[in-house]
Amino acid sequence: MRTRTRDGLANVRHVLRRFTSPLLPDDYTQLINPLWSQRELRGRILSVERGAHDTVHLRIAPGWGVPVDFHAGQYIGIGVPVDGRFVWRSYSLTTAPETSDGIFAITVRAVERGKLSTHLVRTMPSGQPIRLAAPAGDFHLTDPLPPRLAFISAGTGITPVVSMLRSLRERGLESDVAVVHSVHSREDLLFEEDLRAWDATIRITSEEGRLGPEDLHALIPDLPSRVIYACGPGAMLTDLEEWAKAHDADIRTERFVLDRDSDAQGGTVRFLRGGTEERAVREVDGSTTLLEAGEDAGVNLPFGCRMGICQTCVRPVLEGEVRNLRTGETHGPGERIQTCICVPAGPVSLDV
Ligand code: FES
């Protein structure tokens, strides 16, 4: 039924394209249904369920042409108008692919200085049309599954993990799985029912302290022989990666939050087309990425994950220096940088 509907839409577009020039078919189909577009992927907020401690669970109905298949652990991008501009972020899908039924589900917690997360948590209405980027990401279950798994997460790092746990259960593959999840306080705990169902170790760090890699190893004695999936704050993942290297363990990590603290002072950013034609100039602080600054200036640069993973956003620096918030490295003229995780370290010219 869905295929026939899409074929019908394609025919309508074909006819419209012949008769609507110089406007595009989208300009007309949007009047009929705002989710029909060939230029971009769209969706609509189907339901908004606000939870404790500044969280919200959103269900999203994808519009025409959006790929709905995904692997447990992958994320989608969402673009939402905030103060007159589209603001984009990536969020992990939380349902199992086997039960998602063509609907995307995400859970968002409002973060400090998080323009979009705050908007989603506090004011996003049900029914709002949004833009979408297709499911993507390498942090997902593999086929065939490793015989023994360990999931280690902290805070909202539970979101891709819960999708994988739900998928394992749906597929009846739940025999040898160890789960450890940390939160700052009890109120921060999301998906408690899922965690309890897996007999997870839940750590409240404000009461019991943080778990380092050696603590985790003590909790899961055969940890080095398991395939480890870890998602949480950058420092936790860096410690785990070093531990895994020392123990020759197989670890897959996902960094979901960009740590914006750095000594980069920001500066004037010039966005140049073809290296010469000035498209926009912006004063940008040291915690705003070049991708975000471009979007704020009306220069829409390509992007995918917005987390420093996919390389879709790479552009060359023409003049000046930028700081990579993930690695702390500084890059200068001639280097190609990931605009989603780099901030200006002084005046910068970027080829867009
Ligand atoms: S958007 Fe994926 S690395 Fe920048």
_Search result, residues across the range 277-303 that are over 16 Å from residue 320 (Cβ atoms), touching a residue at least 60 places away in the same chain (Cβ under 8 Å) and over 22 Å from the mean Cα position of the chain (by Cα)_ = 279
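Among the candidates 242, 254, which residue alone is at pLDDT 95 or above and not aromatic (Phe, Trp, Tyr)? Quick ask: steps written out before the conclusion?
Numbers: 254 fails: at pLDDT 95 or above.
Being at pLDDT 95 or above and not aromatic (Phe, Trp, Tyr) holds for just one of 242, 254, which is 242.
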*Count, please, the residues in the range 186-197 that happen to be surrounded by fewer than 20 Cβ atoms within 10 Å (Cβ to Cβ) and free of Cβ contacts under 8 Å to residues at least 40 places away in the same chain.*
7
*Kindly state which strands (runs of 3 or more DSSP E) lie completely within the range 74-114 and contain at least 3 residues that are open to solvent by 20 Å² or more (accessible area, probe 1.4 Å).*
85-92
*Are there any strands (runs of 3 or more DSSP E) wholly within the range 244-352 with 1 or more residues that are more than 16 Å from the ligand (Cβ to nearest atom) and not β-branched (Val, Ile, Thr), and if so which?*
250-255, 267-273, 277-284, 314-324, 342-351
*Within the set of pairs 6 or more residues apart or between chains, which connect a residue that is over 16 Å from residue 240 (Cβ atoms) inside the range 149-163 to a residue that is assigned to a strand (DSSP E or B) and β-branched (Val, Ile, Thr) with Cβ atoms less than 7 Å apart?*
159/107
*Looking only at the range 155-185, count how many residues are out of contact with any Ser or Thr (no Cβ under 9 Å at 6 or more places or on another chain) and either acidic (Asp, Glu) or open to solvent by 10 Å² or more (accessible area, probe 1.4 Å) (or both).*
7
*Based on what the data block shows, is residue 182 hydroxyl-bearing (Ser, Thr, Tyr) and in contact with a strand residue (DSSP E or B) (Cβ under 7 Å, 6 or more places away or on another chain)?*
yes
*Could you tell me whether the range 115-138 includes any residue that is modelled with pLDDT of 90 or more, assigned to a loop (DSSP other than H, G, I, E, B), aliphatic (A, V, I, L, M) and in contact with a His (Cβ under 9 Å, 6 or more places away or on another chain)?*
no
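Out of all the residues in the range 44-73, which are part of a strand (DSSP E or B) and open to solvent by 50 Å² or more (accessible area, probe 1.4 Å)?
As a first pass, look at the range 44-73 and keep what is part of a strand (DSSP E or B): 44-51, 55-62.
Hits for the range 44-73 are 44, 46, 49, 50, 57, 59.
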_If I filter the range 155-170 for residues that are at pLDDT below 95 and not in a helix (DSSP H, G or I), do I get at least one hit?_
no
*Restricting to the range 332-351, what's the tally of residues that are farther than 29 Å from residue 131 by Cβ and free of Cβ contacts under 8 Å to residues at least 40 places away in the same chain?*
4
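The values are calculated or read from the model by the stated rules, or taken from the named source; none is laboratory data. In this text, all values refer to a predicted model and were calculated from it rather than measured experimentally. Glycine also receives a Cβ, built like all others from the backbone with ideal geometry; neighbour counts cover every protein chain displayed. Only protein heavy atoms, including side chains, enter the accessible area calculation; ligands, DNA and RNA are left aside. Shrake-Rupley method; radii C 1.70, N 1.55, O 1.52, S 1.80 Å.
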